[in-house]
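Rule-based calculations on the coordinates, nothing more; no lab input. Source: prediction; values computed, not measured.
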Amino acid sequence: MSQETSTNSPAERWEKAQSVAAGIRKELGRVIVGQETIQDQLLVSLLCRGHVLLVGVPGLAKTLLISTLAKVLGLKFNRIQFTPDLMPADIVGSEVLQTDAEGSGVRRFEFSGGPIFANLILADEINRTPPKTQAALLEAMQEKQVTVAGVSRSLEEPFLVFATQNPIEHEGTYPLPEAQLDRFFFELKMDYPDIGDEGQIVRQTTGRELPESDTILDAAGVLELQDAAVEVPLPDHLLQEILQLTHRSRPDSPLADDYVKRYVEWGAGPRASQNLARAVRALALLRGQPTASVEELREVAPPILRHRVIPNYQAAGDDIDVEVIVSRLVSGIG
């Protein structure tokens, strides 16, 4: 069932966004057990037009979660399995020599698009492919277009890349460079389910019939939701909290304390401030709040900062990781 794309008053758009968000959660819950926080964070990134890096051990249903979300939203979905031999052309497509179908013998090159031409891309185990192929995603993620043989081709909106990464295997992997990490809106940590949720997963997935979700939206409806998130007010005091948070993460900033100066090599840049402002609005919309607040900021700050704050050698020597640093920064909010 597709949503109408016509817009009315802001209040009506707000109410409609609330109803649609509740429907998305309900349909996801029919297939995905638990992981409510991860689900909400994926929805926040969706509303903010942001890409996601989802980190978790194998078997946590990362692929199922993302494919189910695409089905519920009515978006074209493609999964790309990243491997050491994957080439850029395997992602964006290439020029293919074709012979005229009418039998004239005339040959010409025609572009054959790769799997990047979809609304929602699952880049599975993105750190298993060399930097040359990882970089093929950069233009698509940032510019929403790909260039092949000197011709740029736009990608259809909405366009989102949800990438997964296995944190426990390092042999044969290629760490993502900071330039590409910064293009991810969130870095999400997906943990094991608790014993109750895992029991429900076992019962739900080992019977004769597997649960299925329904499609309740379409691409136009997703774009309308994204527009609604931008309309959520951002109070001036909250903007100041966002700016102070990012500046406190920078060791050369006057706002940085001795802890940050001791353990941080590089802090979060202006893109972090921009993403924090977008994320608090989107989370407020999902919660039915009339305006964004400090509570939303505390929740969205860790997944926005953890891949943008770079600990130094002193931190490694003292066994201080980025999670500890980010937790300390977040504790200073408000």
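The table below lists the values:
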quantity: Segment 232-334 - Rg and Dmax from Cα coordinates, angstrom; calculated: 13.7, 45
quantity: Rounded Å value of the spacing that divides the Cα centres of segment 147-217 and segment 284-303; calculated: 23 Å
quantity: Translational diffusion of the chain, µm² s⁻¹ [Kirkwood Rh, Cα pairs; Stokes-Einstein; 25 °C; 0.890 mPa s]; calculated: 114 µm²/s
quantity: Distant-in-sequence amide H partners of residue 188 (H built 1.01 Å from N, under 5 Å); calculated: 53, 54, 55
